[in-house]
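The values are calculated or read from the model by the stated rules, or taken from the named source; none is laboratory data. Just so it is clear, the structure is predicted and the values come from calculations on it, not from any experiment. Backbone-built Cβ (ideal geometry, glycine too); neighbour counts: all protein chains shown.
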Amino acid sequence: MEVHFYATLRDIVGGKTVFFELPPGATARQLLLEITKQFPVLQQKFYNNNGELHNYVHYFINGRDVRYLDAGMDTELDPSDKVSLFPAVGGG
């Protein structure tokens, strides 16, 4: 599965796009677990103390925020899905 990272996440993973091996029927939750397994520093950047995705982390599947998908983090992924992860951003 191809995952696109943005902003400061690119520095952590070493580039814009990283490929992850997932079994058929893997979910959005499983992908995020695989990402944090490969890049442990992302664990604290993605999850709060309750193990929930931080509100400021934007996790998109095919351009839609995973929070608004019917199955949420349990959404099954297709290898052709476009997955993007954005960290918190600030401005002024």
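Out of the residues in the range 74-89 that are among the polar types (S, T, N, Q) and closer than 12 Å to residue 59 by Cβ, state the one that is farthest from the chain's Cα centre (by Cα). Step by step, filter the range 74-89, then rank; the result is 75.
No other residue among 50, 55 is at pLDDT below 95 and either more than 27 Å from residue 14 (Cβ to Cβ) or in contact with an Asp or Glu (Cβ under 6 Å, 6 or more places away or on another chain) (or both) apart from 50.
When 41, 89 are screened for being exposed (fewer than 13 other Cβ atoms within 10 Å of the Cβ), of a type in the set (Val, Ile, Thr) and at pLDDT 95 or above, only 41 passes.
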